[in-house]
2 protein chains.
Amino acid sequence: MSQEKKISVRETVYKKNDDLAEEIRKNMKNKGKLFFNIMGSIGAGKTLLLENLAVKLSTHYRVFVINGDIATTIDADRIAKHGVKTVQINTGGGCHLNANLIAKELEKINIDDFDIFFTENVGNLICPAAWDVGAQMNIVVVSITEGEYVVKKHPIIFKDAEIAIINKCDLDGLGFDSQVLEEDASKIKSGMKVICTSAKTGQGIDDFIEALGIEIPRDE
Amino acid sequence: MSQEKKISVRETVYKKNDDLAEEIRKNMKNKGKLFFNIMGSIGAGKTLLLENLAVKLSTHYRVFVINGDIATTIDADRIAKHGVKTVQINTGGGCHLNANLIAKELEKINIDDFDIFFTENVGNLICPAAWDVGAQMNIVVVSITEGEYVVKKHPIIFKDAEIAIINKCDLDGLGFDSQVLEEDASKIKSGMKVICTSAKTGQGIDDFIEALGIEIPRDE
């Protein structure tokens, strides 16, 4: 197969994905739904963050979480405990979710039964960057154990992100310099929100929800 | 493009890679060289582990390290400080090294100038699993911050590994149950060596070197 043909096949695949993603995005917006794509490496703490979000949001909103993983339903099961609807997509060897996988899951439900949708994408900072899932906002979660050069090393995934979450901020003494990450993030995309969270202690979770544009009605 | 054609193109690509990897493996063995492929997620501590190995090995052996990363030469620079030769392959968006990338780097040097070769593969637990680089042994490094279900979630990469390193064992209080990981690893591949290390304190590094089959001559 010639190089040219290879490129053209690849472009067609991406184009098809992007078109479907755009369709999902439009459809969700028209229906007044929110759809967020949470990306991050394994161990960044995406699942525990989503558990935190589930606890805070589920009393006011109907939440649907699509978990992507190579194997097992461990993550979806963890989140489901907090009163939100979850579905686990096992990708086999696939390193990312894509618009087609999302569309298939959305076909199985009535979208109007839910208000807010999340994906927990497959755990890595590389492949999910190239595959639009149709979300209205991309969030990259990194753990301070990944080191402050994580943006420099993975510029592509941060380019399309509106929020960077620095998670596990409760872990002290690791010598993580969050300023380096913040500066790199703002160079890649000015206005990117960088929020320090601890899914373990709850630090920053309210700021995260605010950055997502979700209002939590005050308890009367 | 039909599904059948897609599969046949993919199989041809893998086959070509596997053949070249086998060629590299044979050539290295014939020359009496050791070649290890270090895989693991970002933040697992691969680079600091390689720095530890570099310090211990470089007084007795000539070591060559091929670093794979999406962007930057940060990792190669860190390892090079310890008196070993490094080269950084920036894959752009590519999520793994492959036999062709390795072969190209080996062509640029005289293999006989070195004794031991390492790759630090691109940081994730998914793509590198599918791409043989021609090493004689695969090592998967995980950090205890990734949780004890990491083998269950990423079975494919552990299937072809001879050694699983549980790194950052110095971090206490994270509730990591290493027995779960050890049991899962032995189910996937009986005889897989599981070693707890701390690249920070040096714990387990000698055991790791022994498991690699490298002898360090005693100082007289």
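Values in this text are rule-based calculations from the coordinates and carry no lab data. If you're wondering where the values come from, they're calculated on a predicted model, not measured in any experiment. Please note: Cβ atoms are built from the backbone with ideal geometry, for glycine as well, and neighbour counts cover all protein chains shown.
Numbers for the structure displayed
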quantity: For the protein assembly as shown, diffusion coefficient by Stokes-Einstein and Kirkwood Rh (Cα), 37 °C, 0.692 mPa s, µm²/s; calculated: 144 µm²/s
quantity: Residue order, fewest to most surrounding Cβ atoms within 10 angstrom, among A:91, B:86; calculated: A:91, B:86
quantity: Computed magnitude of the charge dipole of chain A (debye, nearest 20; Cβ of K, R +1, Cβ of D, E -1); calculated: 640 debye
quantity: Helix-only mean residue ellipticity at 222 nm for chain B, each DSSP H run of n ≥ 4 adding -39500 (n - 2.57), per residue, nearest 500; calculated: -11500 deg cm²/dmol
quantity: Amide H partners (placed H, <5 Å) of residue A:169, local residues excluded; calculated: A:197, A:198, A:199
quantity: Chain A, closest residue to the rotation axis toward B, by beta-carbon, whole angstrom; calculated: A:124, 2
quantity: Ascending count of other beta-carbon atoms within 10 Å, so fewest first, for B:33, A:108, A:29; calculated: A:108, A:29, B:33
quantity: Distances in nm from residue A:216 to the matching label points in the other copies, shortest first (labels 7 Å along Cα to Cβ); calculated: 5.1
quantity: Taking A:172, B:18, A:184 and counting other C-beta atoms within 10 Å, the order from fewest to most; calculated: A:172, B:18, A:184
quantity: Exercise: per-residue mean of other protein chain Cβ atoms within 10 Å, B:138-148; calculated: 3
quantity: Kirkwood-Stokes translational diffusion coefficient of chain A, alpha-carbon pairs, 25 °C, 0.890 mPa s, µm²/s; calculated: 137 µm²/s
quantity: At most 12 other Cβ within 10 Å, DSSP loop - GluC sites (Glu not before Pro), the stretch B:157-217; calculated: B:215
quantity: Copies compared at residue B:18 - label distances in nm, ascending, label defined 7 Å from Cα in the Cβ direction; calculated: 3.5
quantity: Label geometry 7 Å along the beta-carbon vector: residue B:55 inter-copy distances in nm; calculated: 3.9
quantity: Unsatisfied cross-links (Cα-Cα over 23 Å) in the set A:46/B:187; A:168/B:168; B:46/B:200; B:29/B:108; A:33/A:108; calculated: A:46/B:187
quantity: The stretch A:196-220 versus the stretch A:115-166: alpha-carbon centroid distance in Å; calculated: 18 Å
quantity: Long-range Cα-Cα pairs in the stretch B:40-118 (distance over 17 Å), rounded percent; calculated: 45 percent
quantity: Rounded to 5, percent antiparallel among DSSP beta bridges of the protein assembly as shown; calculated: 5 percent
